[in-house]
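The values are calculated or read from the model by the stated rules, or taken from the named source; none is laboratory data. Everything numeric in this text was worked out from a predicted model, so none of it was measured. Positions of Cβ are generated from backbone atoms using ideal geometry, with glycine treated the same way; all protein chains shown enter the neighbour counts.
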Protein chains: 2
Amino acid sequence: MKPKKSVTIKDVARVAGVSAQTVSRVLNDRPDVSDETRQRIRGIIHELGYAPNIIARSLIQGRSNTIGVVGYGLGYYGPSRTLTGIERQANQLGYSLLLSLLRDPDTSTGESLLPNLLMRKVDGIIWAVPEIGEHRAALLETVRNIPVPIVFINMEPRPDLNVVAIDNFNAARKAVFHLLEQGYRKIGVITGPPTWWESRQREAGWRSAMQEAGFLSAHELEQLCVAGDWYPESGSRGLEELLTRNPSLEAVFAFNDPMALGVLKTAQRLGRRVPDDLAVVGFDDTPEADYFSPPLTTLRQPLIELGGQAVQLLHRLLTTPESPSTPEQIWLQSELVVRSSSISSR
Amino acid sequence: MKPKKSVTIKDVARVAGVSAQTVSRVLNDRPDVSDETRQRIRGIIHELGYAPNIIARSLIQGRSNTIGVVGYGLGYYGPSRTLTGIERQANQLGYSLLLSLLRDPDTSTGESLLPNLLMRKVDGIIWAVPEIGEHRAALLETVRNIPVPIVFINMEPRPDLNVVAIDNFNAARKAVFHLLEQGYRKIGVITGPPTWWESRQREAGWRSAMQEAGFLSAHELEQLCVAGDWYPESGSRGLEELLTRNPSLEAVFAFNDPMALGVLKTAQRLGRRVPDDLAVVGFDDTPEADYFSPPLTTLRQPLIELGGQAVQLLHRLLTTPESPSTPEQIWLQSELVVRSSSISSR
DNA sequence: ATAGCTTTCGTGAACGATAACGGATATTTC
DNA sequence: GAAATATCCGTTATCGTTCACGAAAGCTAT
């Protein structure tokens, strides 16, 4: 249990009887080392258990092979899966991840976390915080002065930003058209917090599909939209509210699975049978959704890929030589998973 | 959009007309700087927007204020909340987090991730991978040669390791005694994968409480124990299996909430009313548990605290001067949350 | 007034690696 | 056979910061 001062490149050099530079060349697979020397040094490296000090390397090279991730809401299904996708791809491309989590996205935009990441010289940043309320303006101003590339996840795309996002608008349309095809007309929604961009997009998608179908007036649509907070309880309350306003409600599209669970629960309590009296669709396809009563029709987002694409995009930005390439906006599509909560036998 | 070579300590020094060392002293709040100079330098730092390069600092100080976290299974409720707790406490104590996730804990112990963390000179490591199967031996051997302190989360405690763990044994006993008090006698369990330590501990707790109660023989207990895989589907199958073996089954203790959901679902399908014909208890207290039908009695683990305690312990190890202090083993208790799935009206 | 402290600050080296350059052999080219 | 080129490797400087040491100035005490 000695302090065990770690082996440096000089130790290797000394043992091998060469200069540190030569060892460095072997480490970085440079061509100008004889095969014999290379093998010998490799052997010594292994023997001594030497591992290069990445900190020292970063200092001189000016890059750290580290990506800063600013995230929020690991308690939710989406963010935690997205982070998994980020880690997987980063690991594969040889990046390490410096993780910062936002505690409360309503009171802080997380800009305070940026200096810390920058001091640690991350090569780039992935911003995986849901876009909420009016943070955007302040954030964008800050971001403009940041010396490393940033990729945003699930933020309203703009031509001057690099963004990877789920196409929530079209995902919602898919769900609504599915319900319409099943013969449901009065389709209400329980949204997420209206400050969240993702929720607003889904709502816009619902509205667009409903208008296209043309069965209901704009006024009627207003009556069919209530706000939730992503938690089951708000699904419960939401359904009650919707039914109070529209006793003839035929279907509910909840903007995540936990709220859909609340809807199912309350529907049961009120004696509305799903799907015959009331269809229910969720959003997320959590592992539990298939075991709700009845099994829940829901939208499966490519979350692992979402994270992966963000890393790939960042990697492209980091490796493309000096070109101030035009920012990319990447959309990913969700898949509707149809289960019995929306298949009427009428 | 200039490349904007970043400001260094020398730039600050030059503008202030002092040496870099003096600026360094101001940065580190050393006493030997006059108040006047200190204020002036502070002003210039702010003016220039200077931020110290932590990499350079780490290089000479030999510490990085970074904690390496090896985790697994962000898709599960437990691990993702634990990580949240880790990040929160680390952030508070001024550490950054270097995150590595294990892809498949069955085929790899994650030792391959260690060299990477060590090359990046993390000050310490938090091992937040569930203990599975026979990995332990190999892992411990590797760990012994690691030059930084490690704290293990939810691993079988041993006197020579620093461990923070949930007391799964007593948590399970709580659940079983609760069921016994409610008058249930034939209490079956659906475990997690038997290779997981957490699952084995819960099983041992169940067994211990059942033996203490003394209503059933050892043979009968065997018939009341089936293995699941943490997913709802295995809860479904588990219940069927239990009922086949024990038609007079009175209660089921599933070792996590998703499996309990599967149990509820299948109970309903088979026409067993919960809790009157069959009591159900879960483990985790996910936000959804209160919205199951009926609401689920379950165990709430202090997961945020689990992560927090791990960081605090590591911090203690890092700041205690040189003492090869004896390792600590910290147990955290879970709380039984009683809901209607286990409250019989009989 | 001299010795001794304190307070305040600077100098040079070091941390561990790589970049830039150059030097010494060996090999090719005409 | 001389010049040009390749091949292989070492020297020195550098990244941005802190450490160890010491020096100058002011103050106190005898």
Considering only the range A:21-47, state which residues are within 12 Å of DNA strand C (Cβ to nearest atom) and surrounded by 15 or more Cβ atoms within 10 Å (Cβ to Cβ).
A:22, A:23, A:24, A:25, A:26, A:27, A:33, A:41, A:45
Over the range A:186-196, the set of residues within 30 Å of residue A:107 (Cβ to Cβ) and out of contact with any Pro (no Cβ under 7 Å at 6 or more places or on another chain) is A:189, A:190, A:191, A:192, A:193, A:194, A:195
What are the residue pairs meeting all of these: first residue in the range B:4-23, first residue among the charged types (D, E, K, R), second residue within 8 Å of DNA strand C (Cβ to nearest atom), Cβ atoms under 8 Å, and 6 or more apart or on different chains?
B:10/B:20
So residue B:327 clears everything in (1) at pLDDT below 95; (2) within 14 Å of chain A (Cβ to nearest Cβ); (3) outside any loop (DSSP other than H, G, I, E, B) except one condition, right? Which one?
(3)
Within the range B:2-50, which residues are on the phi > 0 side of the Ramachandran plot and within 14 Å of chain A (Cβ to nearest Cβ)?
B:4, B:49
For residue B:189, only one of the following conditions fails: (1) in a strand (DSSP E or B); (2) closer than 30 Å to residue A:8 by Cβ. What is its number?
(2)
Out of the range A:97-116, which residues are more than 10 Å from chain B (Cβ to nearest Cβ) and either more than 20 Å from residue B:90 (Cβ to Cβ) or free of Cβ contacts under 8 Å to residues at least 12 places away in the same chain (or both)?
A:104, A:106, A:107, A:108, A:109, A:112
Filtered residue count, the range A:1-18, keeping only those that are surrounded by 12 or more Cβ atoms within 10 Å (Cβ to Cβ) and more than 8 Å from DNA strand C (Cβ to nearest atom):
5
Hey, among A:147, A:193, which residue is farther than 22 Å from residue A:241 by Cα and surrounded by fewer than 23 Cβ atoms within 10 Å (Cβ to Cβ)?
A:147
If only one of B:24, B:6 is within 7 Å of DNA strand D (Cβ to nearest atom) and modelled with pLDDT under 95, which one is it?
B:6
Restricting attention to the range A:117-142, which residues are more than 13 Å from chain B (Cβ to nearest Cβ) and touching a strand residue (DSSP E or B) at 6+ places or on another chain (Cβ under 9 Å)?
A:124, A:125, A:127, A:129, A:130, A:131, A:132, A:133, A:139
Filter result for the condition that a residue is at positive phi and touching a residue at least 24 places away in the same chain (Cβ under 8 Å), over B:78, B:68, B:94, B:85
B:94
Sort through A:103, A:88, A:120 and tell me the only one that's charged (D, E, K, R) and within 16 Å of DNA strand D (Cβ to nearest atom).
A:120
Output the number of residues of the range B:242-282 satisfying the condition of being within 26 Å of residue B:77 (Cα to Cα) and among the acidic types (Asp, Glu).
1
Quick one: is residue A:76 more than 16 Å from DNA strand C (Cβ to nearest atom) and not small (Gly, Ala, Ser)?
yes
